[in-house]
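Data block below; observations after.
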Amino acid sequence: MTDETRKGDQAETLREMARSAVKSQQPDSQLAGMVSDPRGIRVITVTSGKGGVGKSNIVSNLAIALSSQGKKVLILDADLGLGNLDVLLGLSPAYNMNNVLNGEKSISEIIVDGPAGIKIIPAGSGVQEFTSLGQHEKLRLLDELDMLEEQFDIMIVDTEAGISENVTYFSVAAQEIIVVVTPEPTSITDVYALIKLLATRYSEHHFKVLVNMAKDSEDALEVFRKLANVAGRYLDISLDYLGCVVKDEKVVEAVKRQRAVSELFPESEAANCFATLAKRVIENTRQKRLKGNIQFFFRRFLDNSAGG
């Protein structure tokens, strides 16, 4: 079978999945069963407006905390041009997502072991080719990810910073979106810009807010209130306060040593914050507004492209 034939077969199969997914939104008993079904991987995208807010550090430590509470966790480093999760955790993967997208390797061949039993799909670094995924790459990625459905409870997607096409793509594709913001005014402004884009252009209306580098819980709540006030004034969205991670020198020390603070300093204030966040994520499992499981991970993209 030629690559073009395989590509065509994938596209047709996935478009049929997209059509089936649209039909399944009818308010009948079958849909009710899908909503309450506890099975299937849960896909959470963690994103931010600007860089430098500690997003990748949030992802790695949240994954470790979830794993410590009994969940099988997979991280997808979706910063396909400047991925750094492997560096942050002191890992040296032989292959990365670039090898998958160009057809050299399968995802199962590039997954690496992280701390506390988490698994990581590393991104490439310094390669511009996949910084904006085309339809063929998206289909290949879906084909590969679909094989991991039964192996994990939660997949956390760590996007790049900013509002690139890849950021919006992975945000729209996921079931849940966590936005990371810090007390800096520029961070609040940039997160609002990202939320506005996702709401007005991609019809995303539900976001969880995680405040990083807060002085304390009151400081974090004040940041959330500022964001919620401006969003409530201009956008028709729902913002939920997930929690905060306080500013902790142990985090800085852990980054320098290329370790996760939850692993290196499990009794630290920051590590306790991550444990609390993990509990809240688990408690929010299988909310009714989830978009589906990994089988429809890219359904909304396919809905838009099926006619083109």
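Quick note: the coordinates plus some simple rules give every number you see, no bench work behind them. The structure presented is a predicted model; accordingly, all values stated were derived computationally and were not measured. When we count neighbours, we look across all protein chains shown, and the Cβ atoms used for this are built from the backbone with ideal geometry, even at glycine.
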Between T186 and Q69, the two model label points (7 Å from Cα along the beta-carbon direction) sit apart by a distance in nm of 3.3
Pulled fully out, how much extra length does the chain show between E165 and I282, if you take 0.36 nm times their separation in residues and subtract their Cα-Cα distance? 39.2 nm
Computed over region 171-264, the convex hull of the Cα set has an average projected area, in nm², of 6.7
Between H136 and E150, 0.36 nm times their residue separation minus their Cα-Cα distance comes to what? 2.6 nm
Sort region 135-184 into rounded, prolate or oblate with this rule: let a ≥ b ≥ c be the square roots of the eigenvalues of the Cα gyration tensor; rounded if a/c is under 1.5, and if a/c is not under 1.5, prolate when a/b is larger than b/c, oblate otherwise. oblate
Based on other C-beta atoms within 10 Å, arrange Y95, Y234, Y169 from fewest to most. Y234, Y95, Y169
Rank the residues S203, S48, S164 as a footprinting-exposure proxy: fewest other Cβ atoms within 10 Å of their Cβ go first. S203, S164, S48
So what does log10 I(q)/I(0) come out to for region 38-294 at q = 0.10, 0.14 Å⁻¹, using the Debye formula with one equal point on every Cα and no solvent? -0.44, -0.92
For the pairs K119/K247; K215/K250; K50/K196; K72/K247; K138/K196, flag any whose C-alpha to C-alpha distance is greater than 21 Å. K119/K247; K72/K247; K138/K196
What is the order of L264, L88, L198, fewest Cβ neighbours within 10 Å to most? L264, L88, L198
